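Read the structure below first, then the notes.
The values are calculated or read from the model by the stated rules, or taken from the named source; none is laboratory data. Because the structure is a prediction, the values reported are computed rather than measured. We place every Cβ from the backbone using ideal geometry, glycine too, and count neighbours over all the protein chains shown.
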Amino acid sequence: MTDTPAPEPRYVRCPSCGGPSLYAAENRYRPFCSERCKLQDLGAWASESFRLDAGDGEAGAPTPSNEQPRDA
């Protein structure tokens, strides 16, 4: 058997603070760098600081650009 070297640890940018964060199973807070950053992000979602834009009309409501022509 040949011994293969362990892959280099992968670091990504923490979505909360922008600092380096280990992206591996050893980091229980990944992709965040710490519990503080993870909870800060959760709090932002819970307080609705982050929102997804639903557009001008109701979700799923037809708009003129996606209506099907009717056979008269």
Q) Which one of these is part of a loop (DSSP other than H, G, I, E, B) and at pLDDT 95 or above: Cys33, Cys37? A) Cys33
Q.
Which count do you get for residues in segment 5-22 that are within 19 Å of Ala44 (Cβ to Cβ) and either in contact with a His (Cβ under 8 Å, 6 or more places away or on another chain) or of a type in the set (D, E, K, R) (or both)?
A. 1
Q. What are the residue pairs meeting all of these: first residue in segment 1-20, first residue hydrophobic (A, V, I, L, M, F, W, C), second residue surrounded by 11 or more Cβ atoms within 10 Å (Cβ to Cβ), Cβ atoms under 6 Å, and 6 or more apart or on different chains?
A. Val12/Ser21; Val12/Tyr23; Val12/Pro31; Cys14/Ser21; Cys14/Phe32; Cys14/Cys33; Cys14/Cys37; Cys17/Cys37
